[in-house]
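Peer 1: The structure follows.
The values are calculated or read from the model by the stated rules, or taken from the named source; none is laboratory data. Source: prediction; values computed, not measured. As a convention, Cβ positions derive from the backbone with ideal geometry for all residues, glycine included, and neighbour counts pool all protein chains shown. Please note that ligands, DNA and RNA were not included when accessible areas were found on the heavy atoms of the full protein model with its side chains. Shrake-Rupley method; radii C 1.70, N 1.55, O 1.52, S 1.80 Å.
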Amino acid sequence: MNVYQSLVERKQSGHKSFVVLIDPDKVTSASVSALVSQANNAAVDYFFVGGSLVISDHLDDCIQQIKKESTIPVLLFPGSPSQVSRYADALLYLSLISGRNPELLIGQHVISAPFVKKSGLEIISTGYMVVDGGAPTTVSYISGAAPIPADKADIALCTAMAGEMLGHKLIYMDAGSGAKKPITEEMIALVAKNIDVPLVIGGGIRDAEKAYLNCKAGADVIVVGNAIEKEPSLLEEIAAAVHGVSVLK
Ligand code: 1GP
């Protein structure tokens with residue numbers, strides 16, 4: 001079964017998924033080992049690997065190490081077309097549908113298409129929506145694209161619907177790494193009710209309760225990076241909260 005099928009099957013069977021985001025710039029080989037071992041024990045569902053800016057050149061090494069130490073699938077979450085590694089299991093092929101910068105909607109995809117295709121990776125077309133998290137994010141700064149205002153759930157709804165109808169296989173709503181304010185349950189609920197593809201939520205989730213509430217509101221996949229980097233013990237708690245949620249939609 002490929003990675004996307006597994007995401008869809010989990011959604012259909014009422015299982016919420018928990019993703020640990022690893023930014024290759026923020027880890028060492030020792031910290032990856034510790035994190036991966038914890039993730040194995042907590043039955044984390046997927047790893048996302050990437051960052052808005054990957055400054056170091058050890059993306060391949062980082063992914064190879066994860067693959068050696070775990071069977072948890074690794075999905076690339078690239079901040080730029082250069083962040084492609086053939087060692088991953090799949091690539092989130094992101095189009096920034098909340099912005100109006102043609103480069104991040106299609107331009108960079110055109111330039112990198114032959115390279116991406118040649119990688120042989122499973123490609124998961126993803127409608128990526130940045131929602132205002134209370135502070136400027138790297139992606140907003142780099143793209144020059146305004147995020148969706150946090151209190152405009154209707155804009156998020158229409159953007160997600162358009163993304164799904166354009167053929168994106170996932171919708172990823174992100175308040176940005178380290179967001180002061182994560183996405184509201186109101187916005188998540190409205191979007192979740194009106195799309196059928198899996199809904200990924202991330203940015204500024206710092207505790208198990210927020211992860212749980214997001215799942216209850218309709219998130220299918222919860223992504224946490226920063227909070228776990230700062231306090232690794234949160235990983236087990238958040239995993240338990242996400243996995244404890246059954247679908248009540
Ligand atoms: C960012 O959604 C991810 O793109 C995760 O955000 O690092 O704030 O958990 P955090």
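Peer 1: In the range 179-219, what residues are within 10 Å of the ligand (Cβ to nearest atom), open to solvent by less than 40 Å² (accessible area, probe 1.4 Å) and in a loop (DSSP other than H, G, I, E, B)?
Peer 2: The answer is Ala179, Pro182, Ile183, Gly203, Gly204, Ile205.
Peer 1: Quickly run through the range 138-148 and pick out the residues that are open to solvent by less than 50 Å² (accessible area, probe 1.4 Å) and either away from the ligand (no atom under 16 Å from the Cβ) or in a loop (DSSP other than H, G, I, E, B) (or both).
Peer 2: Once the filter is applied, which keeps residues that are open to solvent by less than 50 Å² (accessible area, probe 1.4 Å) and either away from the ligand (no atom under 16 Å from the Cβ) or in a loop (DSSP other than H, G, I, E, B) (or both), the range 138-148 yields Ala145, Pro147.
Peer 1: What pairs come out if I take residues in the range 70-83 that are open to solvent by less than 30 Å² (accessible area, probe 1.4 Å) and pair them with residues that are of a type in the set (D, E, K, R) whose C-beta lies under 8 Å away, six or more apart or interchain?
Peer 2: Correct list of pairs: Ile72/Asp45; Val74/Lys67; Val74/Asp89; Leu75/Asp89.
Peer 1: When you check Ala135 against the structure, is it within 13 Å of the ligand (Cβ to nearest atom), part of a loop (DSSP other than H, G, I, E, B) and over 21 Å from Tyr212 (Cβ atoms), yes or no?
Peer 2: Yes, satisfied.
Peer 1: Could we say that Gly127 is assigned to a strand (DSSP E or B) and either in contact (Cβ under 8 Å) with a residue 40 or more places away in the chain or on the phi < 0 side of the Ramachandran plot (or both) here?
Peer 2: The answer is yes for Gly127.
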